[in-house]
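The values are calculated or read from the model by the stated rules, or taken from the named source; none is laboratory data. Just so it is clear, the model here is predicted, and its values are computed rather than measured. Here Cβ is always computed from backbone atoms with ideal geometry, including for glycine, and neighbour counts include all displayed protein chains.
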Amino acid sequence: MIDPRIERRESKRAAIITAAWELAGRDGLAALSLHDLASTVGLRQPSLYVYFDSKMALYDALFCDGYRQLLEYTKERDYTGEPRETLVRFLRDLVEWSGADVVRYQMLFQRSVPGFEPSPASWALATEFYEVATGVLHAAGLTEASDLDLFSALISGMSSQQAANDPGGTRWSQHAERAVDMFLSAATRRRSPRKGGKK
């Protein structure tokens, strides 16, 4: 049986995280005010430290929550099947997910909070997502580190453009098929023997 005190604490903690996302969306991540946050959730500011011992701990909770959302999002989707189509779906989904919530994207993929470093527990969720992306590439026969580097740069660049210039839209995600074709073409050329038998 769950201790009601623990249940109440976790419920309040979740409410604080939800409110923090909302305030960060309004004011920006780096400008998140603990005073405003406490007021929003019906606490005095010192009482926030019962739930988070520092502002960086709060940012860590946001980082962790963001990656939990991303992992849940990817787990709800089927990234199996024909390799090219799977890569297209994965890229399109990631770009649209990033553009759907700009602050969440910034928290996970950009250094928007000076001095913030995720805790090992939160970083483990980021690593779990990295393994999902790696698995999608490996299923397409792309196993070299340079393949992952290039694909991650492709995702990052398109996601950044989507989040910055068309949040909630599809201006960049609609180019997922073309982007994947260019990526696969480059990977194929690199593997193909050149004239004279050199690679």
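A compact table of results
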quantity	calculated
Residues of segment 147-171 classified as crowded, with 18+ Cβ neighbours inside 10 Å and either in contact with a Pro (Cβ under 7 Å, 6 or more places away or on another chain) or farther than 11 Å from Ser98 by Cα (or both), total	3
Failed criterion for Ala57 (all others in (1) in a helix (DSSP H, G or I); (2) among the aliphatic types (A, V, I, L, M); (3) crowded, with 18+ Cβ neighbours inside 10 Å hold)	(3)
All positions within segment 80-109 that are polar (S, T, N, Q) and surrounded by 14 or more Cβ atoms within 10 Å (Cβ to Cβ)	Thr86, Ser98, Gln106
Test set (1) assigned to a helix (DSSP H, G or I); (2) within 17 Å of the chain's Cα centre (by Cα) - Ser47 fails condition number	(2)
Segment 33-60, subset free of Cβ contacts under 8 Å to residues at least 60 places away in the same chain and touching a Phe, Trp or Tyr at 6+ places or on another chain (Cβ under 8 Å), residue nearest to Glu96 (Cα to Cα)	Tyr59
Count - residues of segment 1-32 that are without any contact (Cβ under 8 Å) to a residue 60 or more places away in the chain, assigned to a loop (DSSP other than H, G, I, E, B) and among the small types (Gly, Ala, Ser)	1
Yes/no for Val136 being touching a residue at least 60 places away in the same chain (Cβ under 8 Å) and not small (Gly, Ala, Ser)	no
Residue match in segment 33-44 (condition: over 20 Å from Gln106 (Cα atoms), charged (D, E, K, R), more than 21 Å from the chain's Cα centre (by Cα) and at pLDDT 95 or above)	yes
Condition met for Ser122 (assigned by TED's automatic domain parsing to the domain that holds Ala187, touching a helix residue (DSSP H, G or I) at 6+ places or on another chain (Cβ under 7 Å) and under 25 Å from Leu29 (Cα atoms))	yes
